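Participant: Below are the structure tokens for one structure; questions will follow.
The values are calculated or read from the model by the stated rules, or taken from the named source; none is laboratory data. Only a predicted model underlies this, so the values are computations on that prediction, with no experimental measurement involved. With ideal geometry, Cβ positions are generated from the backbone for all residues, glycine too; neighbour counts draw on all protein chains shown. Ligands, DNA and RNA are excluded from the accessible area calculation, which covers all protein heavy atoms including side chains. Shrake-Rupley method; radii C 1.70, N 1.55, O 1.52, S 1.80 Å.
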Number of protein chains: 2
Amino acid sequence: MPVKLTEVAREAGVSLATASRVLNGSARTPAEDIAKRVRAAAEELGYVANAQAQALAKSTTGLVGLVVHDIADPYFSTFAHGVQKVASLSHHQVLLAGTDLPSEDAPPGDAELAAVRAFISYRTDAIILAASRVTDEDPRLAAALERYINSGGRVVVLGATKIAGASSLMVANKAGAMALATALIEHGTTHFAILAGPAERNTARARVDGFVEGLQAASLVPLATVHGPFTSRGGYDATVDLIHRLGLLAPTPNTTTGADTSRFPSPSGSPLCILVANDVMALGAMTALRTHGFRIPDDVQVAGFDDIPTLRDHSPALTTYRLPLEQMGQRAAELALEPQLRSPVTITGEVVLRESAGFTAPTTGK
Amino acid sequence: MPVKLTEVAREAGVSLATASRVLNGSARTPAEDIAKRVRAAAEELGYVANAQAQALAKSTTGLVGLVVHDIADPYFSTFAHGVQKVASLSHHQVLLAGTDLPSEDAPPGDAELAAVRAFISYRTDAIILAASRVTDEDPRLAAALERYINSGGRVVVLGATKIAGASSLMVANKAGAMALATALIEHGTTHFAILAGPAERNTARARVDGFVEGLQAASLVPLATVHGPFTSRGGYDATVDLIHRLGLLAPTPNTTTGADTSRFPSPSGSPLCILVANDVMALGAMTALRTHGFRIPDDVQVAGFDDIPTLRDHSPALTTYRLPLEQMGQRAAELALEPQLRSPVTITGEVVLRESAGFTAPTTGK
DNA sequence: CTGTTAGCGCATTCAC
DNA sequence: GTGAATGCGCTAACAG
């Protein structure tokens, strides 16, 4: 029903080919006077090129596929924002898929595969895989992606990958976690516990490994490690679990003097510090601690990972490892859209020491 | 380069049409034995249907366009998640666009128009407009959308619209704001200030109007109204501005006794309550207050709007008006994808009274 | 039930 | 520089 190029051409009194040449770029440049007539006709009829038809004719779609885990998670939405930015700059549209939603036909674990297949079906020019995949690399996924790459598609994955021909954006998850743990140790903390994310998630594992190695370097071991989903609720539950496992005792509520009567684990030593594999989960952990009567950082300290922008207003401010999420999205999109770029690109962040781990805020004027 | 249906058909020794019928749904159902052969051939060759070609032939793309303002903003990302959910359930892919990013060619204010044109170009089956548009309804936008609708496209807009044929998802912004203000007044608060969002944003205006009417109903007027962007930074700056304008005095830091030596505005009355047009901005406001030595809710109270999930772990917990963001996204997608649904659909939320406005948390076990 | 044919809307060879 | 013809990969009438 929409007006098509043929109609514009007829209206302008030129051939289909000519109309095509003036409206949608071409090597050959029609005469200016005739071009003006065509443009006028197009404008008048409200012509809008059919991208599907163009895609079929040109075999390039101007589409980039982005698969994240949960777009509502600030980690992914910030990343997505970065992707969007460079995509729009290079005139691409982004197709979004999430691996956390029910996919009707596909089994839960196959969400990523389903998303990739859909993108391949739409012949996206590139696919960005940001949903921290499960360790179990699906051979079907690999096969589909390799075929896609061989057909000229570009794929960028967040983290390492075995997919031949794929570009990868390496993130300093392990090194960052190690650096964070080390910084905390230098600050005098001696007792740690770890709240790990889902065991099967690559990102989560790398961070936990980093925490553990950081502790090992100082001859320390975590008092406990509890796994849970990368959500606020996951952090809350894991923390409650931790409290029970470690037999943590909340200080006697003697708030009038403000003096604390007991600290874990050593009455005289530094408080326990909980290293959490991501910020959102750390937030849940803090809520659990508060609910159970622990003060942060006096009774228990907490450190997260990511430095989610939205959480920077939190009080106490969260000690964490800052990842340039937005920039990561941009780099990923650049790798996807600019073939000449070399991979892998390595992304590092920085340790950010704040109140939740006993550091005093540098009274940021914002 | 990818394998096409013709090849699968040849491999299976059947005609193109038959292959099409078994692989991609059809009314006619081929015999089971022949169907199996085709499926086997497709599997072996790694056939993936070309959605572009299908779209061209069927004139329906299986695409939904979603335009938000800033996908990194939890308000929009949560909404987007809801959209994604029903889209995936009805086997649709979502095309995402943001109006906050530079659009190269298009002027800043034209981002929404550019996004809509792109979606129309891709012949999305429906377009969901969630970027709370500026009040100045662009006639070009309206024209494009109406043509789109007349060509069979469905459009859903968040809020009221003058676009003929568009469905709309009405949100109780004004009524909610009014209810929130009223609840606070009933609680005994007598002095209010307002932190409004961008003046040109519909959503922002409706909320401010609601706040004002709520106050008026109790014969009150806001002590001041400050505008600012819907961001944490916007809330921070607006609050600093407010502090100066109102000459707010922070209590003398006499923390040993915990006694406050001064309160604004009346030493004996209830503290000032700042009504903020959205949660993210309210967060920035709280940070500003804290930075300037005010305790929440003792010295100043704060109320937001939206009840962003990620912010529920904040302390003090934010009093706000809860909007079912995720569900709103779902409803919008349903309106977009299920033609029989009637519009407008009205969404209401609920007042949530929490610590930031002096209410005690019901020790939520989460 | 299966095969043949004709477009879907547009870019792009080719001749002119 | 411009117009006519061919094909992109697939679906949907049509026949058989």
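Participant: Under 25 °C and 0.890 mPa s, how fast does region A:164-250 diffuse according to Stokes-Einstein, given a Kirkwood radius computed over C-alpha pairs? Answer in µm²/s, whole number. Don't skip to the answer; put the middle values down first.
Facilitator: Values: Rh = 13.9 Å.
Translational diffusion coefficient: 176 µm²/s.
Participant: Same structure again: In Å² (nearest 100), what accessible area is buried between A and B, both sides summed, heavy protein atoms only, 1.4 Å probe?
Facilitator: Working: alone 18000 and 18020 Å², together 30190 Å².
So the buried area, both faces added, is about 5800 Å².
Participant: Trypsin sites (Lys or Arg not before Pro), restricted to region B:331-363: which are DSSP loop and have at most 14 other Cβ atoms within 10 Å?
Facilitator: Numbers: sites: B:Arg331, B:Arg342, B:Arg354; in loops: B:Arg342, B:Arg354.
Listed in order of number, the matching sites are B:Arg342.
Participant: Between A:Asp241 and B:His244, what FRET efficiency follows from the Cβ-Cβ distance if R0 is 30 Å, with the result rounded to 0.05?
Facilitator: Efficiency computed from Cβ-Cβ geometry: 0.05.
Participant: Taking region A:5-58, how much of its Cα-Cα pair set, in percent, is spaced more than 18 angstrom apart? Display every interim value, and only then the final one.
Facilitator: Numbers: 339 of 1431 pairs.
Result: 24 percent of Cα pairs exceed 18 Å.
Participant: Kindly express, to the nearest 10 degrees and within the range 0 to 90, the angle between helix B:202-216's C-alpha long axis and the longest C-alpha principal axis of chain B.
Facilitator: Helix B:202-216 sits at roughly 30 degrees to that axis.
Participant: Label position 7 Å from Cα toward Cβ: report the copy-to-copy distances for A:Thr6 in nm, one decimal, ordered from shortest.
Facilitator: The answer, with the shortest distance listed first, is 2.2 nm.
Participant: How big is the charge dipole of chain B about its Cα centre, in debye rounded to the nearest 20, if each Lys and Arg gets +1 on its Cβ and each Asp and Glu gets -1 on its Cβ? Spell out each step's value before the answer.
Facilitator: Numbers: 31 positive and 36 negative charges, 169 e Å.
Using only the charged Cβ atoms, the result is roughly 820 debye.
Participant: Where the centroid of each part is defined by its Cα atoms, how far is region A:330-358 from region A:135-165 in Å?
Facilitator: Their Cα centres are 20 Å away from one another.
Participant: Taking a probe of 1.4 Å, how large is the accessible area per residue of the protein assembly as shown, in Å²? Walk me through the intermediate numbers first.
Facilitator: On the way: 30190 Å² over 732 residues.
The answer is 41 Å² per residue.
Participant: Express the carbon and sulfur contribution to the solvent-accessible surface of the protein assembly as shown as a percent, rounded to the nearest whole number, probe 1.4 angstrom. Could you put the intermediate results ahead of the total?
Facilitator: Numbers: 15950 of 30190 Å².
Heavy-atom surface of the protein assembly as shown belonging to carbon and sulfur, 1.4 Å probe: 53 percent.
Participant: Determine Rg/Rh for the protein assembly as shown; Rg is computed over alpha-carbon atoms and Rh is the Kirkwood hydrodynamic estimate from the same atoms. Before the final figure, lay out each step's value.
Facilitator: Details: Rg = 28.1 Å, Rh = 27.9 Å.
Answer for the protein assembly as shown: 1.01.
Participant: What GluC sites (Glu not before Pro) in region B:8-104 are in a loop by DSSP, with at most 10 other Cβ atoms within 10 Å of the Cβ? List each step's numbers first, then the result.
Facilitator: Details: sites: B:Glu11, B:Glu32, B:Glu43, B:Glu44, B:Glu104; in loops: B:Glu104.
Taking region B:8-104 and a limit of 10 other Cβ atoms within 10 Å, the loop GluC sites (Glu not before Pro) found are B:Glu104.
Participant: For region A:63-171, give the share of DSSP beta bridges that are antiparallel, in percent and rounded to the nearest 5; count only bridges with both residues there.
Facilitator: Details: 1 of 18 bridges.
Among the beta bridges of region A:63-171, antiparallel pairing accounts for roughly 5 percent.
Participant: Turning to a different aspect of this structure: Buried by at least 30 Å² relative to the chain on its own: which residues of region B:59-78 qualify, computing accessible area with a 1.4 Å probe on protein heavy atoms?
Facilitator: B:Leu63, B:Ile71, B:Ala72, B:Ser77
Participant: Using Cα-Cα distances under 8 Å and only pairs 6 or more residues apart, what relative contact order does region A:63-171 have, in percent? Let's see the in-between values first.
Facilitator: Values: 164 pairs, mean separation 29.2, N = 109.
Value for region A:63-171: 27 percent.
Participant: Gaussian network model of chain B, Cα springs within a sub-10 Å range: biggest mean-square fluctuation belongs to which of B:Val22, B:Val226, B:Val94?
Facilitator: Evaluated over chain B, the most mobile residue of the options is B:Val22.
Participant: Work from the charge dipole of region B:28-136 (Cβ charges, +1 for Lys and Arg, -1 for Asp and Glu, about the Cα centre) and give the residue of B:Leu101, B:Ala72, B:Leu89 farthest towards its positive end.
Facilitator: Of the listed residues, the answer is B:Leu89.
Participant: Continuing with the same structure: Which residue, B:Val38, B:Val64, B:Val156, has the most motion in a Gaussian network model of chain B that connects Cα atoms within less than 10 Å?
Facilitator: It is B:Val38.
Participant: DSSP loop (so not H, G, I, E, B), at most 16 other Cβ within 10 Å: list which trypsin sites (Lys or Arg not before Pro) in region B:75-173 pass both filters.
Facilitator: Values: sites: B:Lys85, B:Arg117, B:Arg123, B:Arg133, B:Arg140, B:Arg147, B:Arg154, B:Lys162; in loops: B:Arg123, B:Arg133, B:Lys162.
Counting only loop positions with at most 16 other Cβ atoms within 10 Å, the trypsin sites (Lys or Arg not before Pro) in region B:75-173 are B:Lys162.
Participant: Please give the charge dipole size of region A:5-58, origin at the Cα centre, charges +1 on K and R Cβ atoms and -1 on D and E Cβ atoms. Round to the nearest 20 debye. Can you show the working numbers first?
Facilitator: Values: 7 positive and 6 negative charges, 47 e Å.
Here the size comes out at about 220 debye.
Participant: Return the distance in nm (one decimal) between the two label points of a simple spin-label model at A:Thr360 and A:Gln216, each offset 7 Å from Cα along Cα→Cβ.
Facilitator: Placing both labels 7 Å beyond Cα along the Cβ direction yields 3.7 nm.
Participant: Any idea what the A:Ser59 label distances to the other copies are, label 7 Å down the Cα→Cβ vector, nm, shortest first?
Facilitator: Shortest to longest, the spacings are 2.8 nm.
Participant: Taking chain B as a Gaussian network, where each spring joins two C-alpha atoms under 10 Å apart, which residue of B:Ala179, B:Ala17, B:Ala111 fluctuates the most?
Facilitator: Highest fluctuation of the listed residues: B:Ala17.
Participant: As I understand it, the value is the acute angle between the Cα axis of helix B:173-186 and the longest principal axis of the Cα atoms of chain B; what does it come to in degrees, rounded to 10?
Facilitator: Taking the Cα atoms of chain B, the angle to B:173-186 is about 30 degrees.
Participant: On the principal axes of its Cα set, how long, how wide and how thick is region B:63-171? Give whole Å, largest value first.
Facilitator: Projected onto the principal axes, the Cα atoms of region B:63-171 cover 34, 31, 28 Å.
Participant: If each label sits 7 angstrom from Cα along the C-beta direction, how far apart, in nm, is B:Ala164 from its counterparts in the other copies?
Facilitator: Here the equivalent label points are 5.9 nm apart from this one.
Participant: Here is a follow-up. Place a +1 charge on the Cβ of each Lys and Arg in region A:89-210 and a -1 charge on the Cβ of each Asp and Glu, then give the dipole magnitude about the Cα centre in debye, rounded to the nearest 20. Could you put the intermediate results ahead of the total?
Facilitator: Working: 11 positive and 13 negative charges, 67 e Å.
Dipole size: approximately 320 debye.
Participant: Can you send over the solvent-accessible area of A:Met170, 1.4 Å probe, protein chains only, in Å² to the nearest 10?
Facilitator: For A:Met170, the solvent-accessible surface is approximately 60 Å².
Participant: Also, I was wondering about something else. Report, in cubic angstrom per residue, the convex hull volume of the C-alpha atoms of chain A.
Facilitator: Working: hull volume 67.9 nm³, N = 366.
Residue-normalised Cα hull volume stands at 186 Å³.
Participant: Determine the residues within region A:1-40 where the difference in accessible area between the chain on its own and the full set of protein chains amounts to at least 40 Å²; count protein heavy atoms only and use a 1.4 Å probe.
Facilitator: A:Pro2
Participant: Per DSSP H run of n ≥ 4, the term is -39500 (n - 2.57); total these for chain A, divide by its residue number, and report the mean residue ellipticity at 222 nm rounded to 500 deg cm²/dmol.
Facilitator: Value at 222 nm, helices only, nearest 500: -12500 deg cm²/dmol.
Participant: So, one more: If you average the sequence gap of Cα pairs under 8 Å that are 6 or more apart and divide by the length of chain B, what percent do you get for the contact order?
Facilitator: Working: 687 pairs, mean separation 57.3, N = 366.
Computed over chain B, the figure is 16 percent.
Participant: While we're on this one: Sorting B:Thr320, A:Thr310, A:Thr360 by accessible area (1.4 Å probe), largest first, what list results?
Facilitator: From most exposed to least exposed: A:Thr360, A:Thr310, B:Thr320.
Participant: With unit charges on the beta carbons (Lys and Arg positive, Asp and Glu negative) and the dipole taken about the Cα centre of chain B, which residue among B:Val300, B:Thr161, B:Val3 sits farthest to the positive side?
Facilitator: Positive-end residue among those listed: B:Val3.
Participant: Sticking with this one: Give me the percent relative contact order of region A:93-231, please, defined on Cα pairs under 8 angstrom at least 6 residues apart.
Facilitator: Numbers: 184 pairs, mean separation 26.2, N = 139.
About 19 percent, as a whole number.
Participant: Shifting gears a bit: How far is helix A:32-45 tilted off the main Cα axis of chain A, in degrees rounded to 10, range 0 to 90?
Facilitator: 70
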